[in-house]
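The structure appears below as structure tokens.
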Amino acid sequence: MPAPLPSELAYIRFVSVENMMKLVHSIGIETMLKDLARYIEDDFRRWEDFDKTPRVASHSAEGVIELMPTSDGEDYGFKYVNGHPSNTKVGLQTVTAFGLLARVDTGYPELLCEMTLLTALRTAATSAMVARHLAPKQARTMALIGNGAQSEFQALAMRAIVGIDTLRMYDIDPAATRKAVGNLEGQGFTLVPCDTPEEAVEGAQIITTCTADKQYATILTDNLVGDGQHINAIGGDCPGKTELHRDILNRADVFVEYPPQTRVEGEIQQMPEDFEVTEMWQVISGTAPGRVNDRQITLFDGVGFAIEDFSALRYLRDKLSEHPFYQELDIIADPDDPRDLFGMLQRAAPD
């Protein structure tokens, strides 16, 4: 007797890279960045509802592979992500990712999706959402130090959410800057390629550092940072990798996502365990101050946290009802009798 066809319970929605790109173009990238920022901000406001744990990381000499789980009691989400800076030398991405969203009450997955593109979007949306709270009012110029795969997303998010219209761009590899400039030409920015970090930060109200090398580095020194600037430091995201001189941290008010993770992976891994930081959810919920004056140096030590990916997965699930760019995967075993998994297997045997 032939095996029965899978029921609806066997299928979950799957968003491939191809469909993710269709979705972004259907919604519009800047609209999607603003939407993601709103979802992330909403989840920061209910931060205490979530399970929180530092990501589970497997480190090697070549890079890192991580799992990032969280739950708000109704949904459970996780992301698989890697970081391998040397991949670009052999034509591979530095970062790849996929994620899953499931129901807590049954444990059944609801959504599986690519998250290489989605992570780039949510990282940029998070940076700009934070900058809206911490950057100087009327900020219009950003120094973008590190012009790799994340740079264009950062630029577009900062324009859509903060109002940035001038980019001063520097990368140790001039080809990366040429790539980023080429991608952003005609998109309404004033683009200023720079030969040094010193030149890039001149006149900038926001400084974004997003380099990829897995090492302690001094991309930004203390003398380059002036009163009133906001630093969006998102490149330091694993043990042994930083971008800022520690003197900058001593001068700035430092804001983080989840201290137990950031103290291991972020810029503040250079500092004592009792180094004072403020959690961004507290600023967003109004229980802690953000920027309080025009001379204050604010620093977002962003390493990426699982709740931001949860927000992105939640957003994607909601949008698929309006934009059906997905496939259905038969991924859940669904026997007629939930106690008879073996019988389902037997009935599927070839004649």
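Listing for the model above:
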| read-out | value |
| --- | --- |
| Test: residue in the stretch 92-106 that is at pLDDT below 95 and within 30 Å of Met344 (Cα to Cα) | yes |
| Search result, residues across the stretch 249-293 that are surrounded by 17 or more Cβ atoms within 10 Å (Cβ to Cβ) and of a type in the set (Lys, Arg) | Arg263, Arg291 |
| Qualifying residues in the stretch 294-319 (those that are out of contact with any helix residue (DSSP H, G or I) (no Cβ under 8 Å at 6 or more places or on another chain) and farther than 23 Å from Trp47 by Cα) - the one surrounded by the most Cβ atoms within 10 Å (Cβ to Cβ) | Gln296 |
| Among residues of the stretch 171-199, those that are of a type in the set (D, E, K, R), part of a helix (DSSP H, G or I) and buried (at least 17 other Cβ atoms within 10 Å of the Cβ), counted | 1 |
| Residue pairs meeting the criteria (Cβ under 8 Å; at least 6 apart or on separate chains; first closer than 19 Å to Arg291 by Cα, in the stretch 254-267; second assigned to a helix (DSSP H, G or I) and among the hydroxyl-bearing types (Ser, Thr, Tyr)) | Val256/Thr262 |
| Test: residue in the stretch 66-83 that is part of a loop (DSSP other than H, G, I, E, B), buried (at least 18 other Cβ atoms within 10 Å of the Cβ) and either touching a strand residue (DSSP E or B) at 6+ places or on another chain (Cβ under 9 Å) or not assigned by TED's automatic domain parsing to the domain that holds Leu316 (or both) | no |
| Odd one out for Gln138, checked against (1) more than 14 Å from Cys210 (Cα to Cα); (2) in a loop (DSSP other than H, G, I, E, B); (3) assigned by TED's automatic domain parsing to the domain that holds Gly236; (4) at pLDDT 95 or above | (4) |
| Positions within the stretch 200-220 being assigned to a loop (DSSP other than H, G, I, E, B) and modelled with pLDDT of 95 or more, in sequence order | Glu202, Gly203, Ala204, Gln205 |
| Helices (runs of 4 or more DSSP H) contained entirely in the stretch 223-340, each with at least 2 residues that are modelled with pLDDT of 95 or more, more than 15 Å from the chain's Cα centre (by Cα) and not charged (D, E, K, R) | 246-251, 259-265, 280-285 |
| Output for the stretch 96-135, where each listed residue is under 11 Å from the mean Cα position of the chain (by Cα) and β-branched (Val, Ile, Thr) | Thr116, Thr119, Thr123, Thr126 |
| Unmet requirement for Pro335, which otherwise passes all of (1) surrounded by fewer than 14 Cβ atoms within 10 Å (Cβ to Cβ); (2) more than 30 Å from Arg132 (Cα to Cα); (3) without any contact (Cβ under 8 Å) to a residue 24 or more places away in the chain | (1) |
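The values are calculated or read from the model by the stated rules, or taken from the named source; none is laboratory data. No experiment lies behind these values; they were computed from the predicted model shown. Neighbour counts run over all protein chains shown; Cβ positions are idealised from the backbone, glycine included.
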